[in-house]
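Below: the structure, in structure tokens.
The values are calculated or read from the model by the stated rules, or taken from the named source; none is laboratory data. All figures in this text were calculated on a predicted structure; none of them were measured in a lab. A quick note on method: Cβ atoms are made from the backbone with ideal geometry, for glycine too, and the neighbour counts reach across all protein chains shown. The area values use the complete protein model at the heavy-atom level, side chains included, leaving out ligands, DNA and RNA. Shrake-Rupley method; radii C 1.70, N 1.55, O 1.52, S 1.80 Å.
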Amino acid sequence: MLRTIFTTDNSRVGLILRLTTGPVLLPHGAQNMLGWFGGSGSSSEMKHLTQDAGLPAFISLLVILIEFFGALMLITGTGTRIAAFCVIVLFMGIIWYVHGKMGFFMNWFGTMPAGTEGYEYHLLVIGLAIAVLFTGGGRWSADGLIRPS
């Protein structure tokens, strides 16, 4: 099973997919985990997710960890398929619990109430993560170095 998870080829496709998905997720994860880029940091985000969103503490912690460390794993190509799977589940949950009821479109023109965003971005992330799940990390991924024999 580990061999299947860490197997990858020298393809540019996996490289492009993970270097598109990871760097887009990382600033969001850094906002929630570290308070960078105008974010609130992990303690405030935990409070928001548990109190405002009503999520259990364990799930809230997973949300923060997946968004931050999942992005780093994708960028480095370490446990790429594991990270992609976690991102898929996370973003399906985000659509299900938050953005699905707000419609498809993002609030591009600021015409909807503040904090009202559709799920189009989330759907793109899911699509990219599914592609990464199937292709693996590709060229220059750590998976290629750590794959069990």
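Quick notes
- Any hit, region 82-90, residues being over 19 Å from His122 (Cβ atoms), touching a residue at least 60 places away in the same chain (Cβ under 8 Å) and either polar (S, T, N, Q) or open to solvent by 20 Å² or more (accessible area, probe 1.4 Å) (or both): yes
- Subset of region 60-107 (residues that are within 20 Å of Leu2 (Cα to Cα) and aromatic (Phe, Trp, Tyr)): Phe69, Phe85
- Here Ala114 qualifies as surrounded by fewer than 18 Cβ atoms within 10 Å (Cβ to Cβ), on the phi < 0 side of the Ramachandran plot and in a loop (DSSP other than H, G, I, E, B).
- For first residues located in region 16-33 and closer than 16 Å to Leu65 by Cα, partners that are of a type in the set (S, T, N, Q) and lie 6+ apart or on another chain with Cβ distances below 9 Å form the pairs Gly22/Thr76; Gln31/Ser40; Asn32/Ser40; Asn32/Ser42; Asn32/Ser44; Met33/Ser42.
- Helices (runs of 4 or more DSSP H) fully within region 1-73 counting 3 or more residues that are under 13 Å from the mean Cα position of the chain (by Cα): 12-34, 57-65
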